[in-house]
Each structure stands twice: as structure tokens, then as C-alpha cells.
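Provided herewith is a single structure, encoded as C-alpha cells, for subsequent inquiry.
The values are calculated or read from the model by the stated rules, or taken from the named source; none is laboratory data. Remember, predicted model here, so these are calculated numbers, not experimental data. Please note: Cβ atoms are built from the backbone with ideal geometry, for glycine as well, and neighbour counts cover all protein chains shown.
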Amino acid sequence: MKPDLPVWRSLLYVPVNVERYVDKAHTRGADCIQLDLEDSVPGSEKDHARTLVPGAAARVRRGGGDVVVRINRPLSMAVRDLEAAIGPDVRGIAVTKVQGPDHLRLLDELVSDLEARRGLIPGHTFFIAMVETPDAFFRMPDIATAVDRLAAMNIGGEDFALETGMAPLEETLQMPKQQMIFAARAGGIVPLGFIASVAGFGDLPAFRTMVRRSRRFGFMGAGCIHPGQVPIVNEEYTPDAAEVAYAKRVLVENVTAEASGRASFALDGKMVDVPVVARARELLERSAAIDIREADKRAAVG
């Protein structure tokens with residue numbers, strides 16, 4: 001994967017125009033707060049909502065998480081959203097209804113200009129590409145490599161289901177979401193999401209089961225629409241102690257095997273070879289990155 005990608009296990013949606021949600025967002029433990037200018041903000045409120053972004057971003061990042069702003073389509077609205085959002089406290093832009101690689105390149109040009117004018121280092125602002133139409137679905141491999149600032153990709157399950165005329169269920173979304181994971185990994189970026197829709201949060205034990213299943217498919221983080229989802233997503237998208245211990249054993253035994261001229265060996269009755277060793281290294285690197293993220297959050301809250 002690309003170097004220096006952010007650790008975003010949980011991305012909590014917060015309507016930027018609802019003060020009570022903004023006020024408590026930094027206490028929820030999310031790796032990232034997504035200030036929303038899109039679906040959760042009615043059309044009549046969008047101009048006012050844009051004026052709230054800089055102040056809200058500074059407030060919600062007090063918990064040590066990053067801040068992403070979800071912007072609107074069409075382009076005329078997106079430009080105004082970017083003018084309001086690009087700044088030192090906003091680490092990323094969630095680009096809704098991505099049309100294709102040229103769409104991201106155009107927004108990249110706009111963001112690069114805003115970063116320069118506002119004294120930010122080039123590339124300060126990451127992109128998340130949100131695939132929500134059948135047309136974009138067939139362009140995912142090109143979208144995933146369109147611009148250097150692209151850090152992650154997901155499929156907006158509800159919108160994608162609407163556009164394709166299908167019910168937003170795990171059985172219908174599994175194939176397109178798996179394809180998204182493949183495209184994201186091929187492009188070296190983070191696949192975000194769940195294997196099912198995020199809309200159901202009333203049954204938290206069932207939600208946990210779904211998140212655990214999603215991680216097995218390869219998702220590395222996901223949006224949360226309710227604060228109660230955040231600790232579950234953080235836990236389930238984090239390697240547990242047993243996984244970390246096993247990965248360390250794999251690497252230790254691999255050193256011994258290599259010293260003996262072998263590229264494979266047995267551990268706990270299972271064959272370990274090059275892909276298993278690579279998976280162990282990746283897991284330990286992710287675990288270390290998550291530890292740093294958690295330390296940053298603890299430091300931020302004192």
C-alpha cells in the first residue's frame with residue numbers, strides 16, 4: 001500500500017449544522033470525524049453549513065482524530081464546499097458520487113491551488129473516493145490510481161443500491177464491495193466500508209458480527225452513523241492480542257527457517273510460507289500504526 005496512509009478505522013458522520021452533535025464529536029473516540037455537508041444537511045441550510053466548517057473542524061479534532069469533510073455534487077456545489085473546507089484542521093475530503101478519474105483530477109487541481117493559497121504543504125488534504133453509481137463502479141481501478149492524494153475508497157451502499165435498483169442488503173452488495181476492495185488494494189489505497197449496509201444500528205451485537213465479517217473480507221475502516229458504532233468498529237478493525245502474538249511467532253520462526261535455507265515451515269500444525277509471513281508483517285505494521293493513533297488520541301484529551 002502507499003506509505004503514510006492515515007489510520008481511519010472509524011469515521012463518524014457528524015452533520016456540521018447540528019450543534020449538539022458537533023459539540024460532543026471529539027468525545028466519541030473515532031479515528032476520524034466526517035463533517036457532513038451532503039445528505040444530512042438540507043438544501044436550504046448548505047450555505048450556512050459551509051460557514052461552520054472551519055470552526056467545527058477545529059473543535060472536533062480536539063479528541064485527537066482527523067477531520068474529513070464530505071462534499072456535495074454537482075461540481076458547482078463541490079467548489080463552494082472546498083473553498084469552505086480546505087484548511088489546517090481538515091485532513092481529508094470525502095468526494096461523493098465520484099464519476100471517474102478525471103473528476104478526481106479536477107478536484108485535485110482545485111485543492112492544490114487552495115492548499116498553496118492557504119499555506120498548507122502540498123498533499124496535506126487526502127481524498128476518499130465514494131463510488132455510488134454503476135458507471136463509476138466499472139471505473140474503480142482507474143479511480144484508485146487517479147491522484148496521489150487519494151487515500152481510500154468505498155462504495156456508498158444506499159446510493160449504489162438505489163442507482164442499481166437493488167435492495168441494500170449484504171447478499172446484493174457483497175460482489176460490488178468485494179470488487180471495490182480489489183480495486184483499492186491494487187491502487188495501494190485503503191478499502192473502507194462494511195460488507196452490508198451501515199444503516200442498521202439498532203442491534204449492536206448483530207452489528208458487531210457484521211463488522212467482524214467485513215474485516216475478514218478485507219475492509220480496514222468504515223463510516224459510522226451513530227456514536228455507539230464507534231467502539232465496536234475500532235475494536236473489530238484492530239488486530240487482537242492473539243493475532244499479534246501469532247504474527248510475532250511467525251516472524252521469529254521465519255528467521256530460523258531462513259537461516260536453514262527454507263522458505264516454509266510448520267507452526268501449530270499449519271504450513272507457513274511466503275504469503276503467510278507477508279500477512280504477519282502487514283498485521284504487525286497495522287497494529288503499530290493503530291497504537292500510535294490511540295496514543296495521539298490519549299495525548300489530545302490529556
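When only residues in the range 95-109 that are farther than 25 Å from Val60 by Cα and of a type in the set (A, V, I, L, M) count, which is surrounded by the fewest Cβ atoms within 10 Å (Cβ to Cβ)?
Leu106
Restricting to the range 174-206, what's the tally of residues that are in a helix (DSSP H, G or I), modelled with pLDDT under 95 and under 19 Å from Lys97 (Cα atoms)?
0
Would you check which residues across the range 213-227 are more than 22 Å from Ala94 (Cα to Cα) and surrounded by 14 or more Cβ atoms within 10 Å (Cβ to Cβ) and list them?
Matches in the range 213-227: Arg213, Phe217.
Still on this model: Just the residues that are of a type in the set (Gly, Ala, Ser) and under 17 Å from Arg286 (Cβ atoms), please, taken from the range 242-262.
Ala242, Ala245, Ala247
Against the definition (closer than 27 Å to Ser112 by Cα, surrounded by fewer than 19 Cβ atoms within 10 Å (Cβ to Cβ) and assigned by TED's automatic domain parsing to the domain that holds Arg20), how does Ala186 come out, yes or no?
Yes.
Taking the condition of being within 18 Å of the chain's Cα centre (by Cα), buried (at least 23 other Cβ atoms within 10 Å of the Cβ) and in a loop (DSSP other than H, G, I, E, B), how many residues in the range 73-94 meet it?
1
Further question: Just one of the numbered conditions (1) surrounded by fewer than 21 Cβ atoms within 10 Å (Cβ to Cβ); (2) in contact with a Lys or Arg (Cβ under 6 Å, 6 or more places away or on another chain) is not true of Phe127; which one?
Result: Phe127 passes all but (1).
Check the range 160-180 and report whether any residue there is in contact with a Phe, Trp or Tyr (Cβ under 8 Å, 6 or more places away or on another chain) and among the β-branched types (Val, Ile, Thr).
So far as the range 160-180 goes, no, none of its residues is in contact with a Phe, Trp or Tyr (Cβ under 8 Å, 6 or more places away or on another chain) and among the β-branched types (Val, Ile, Thr).
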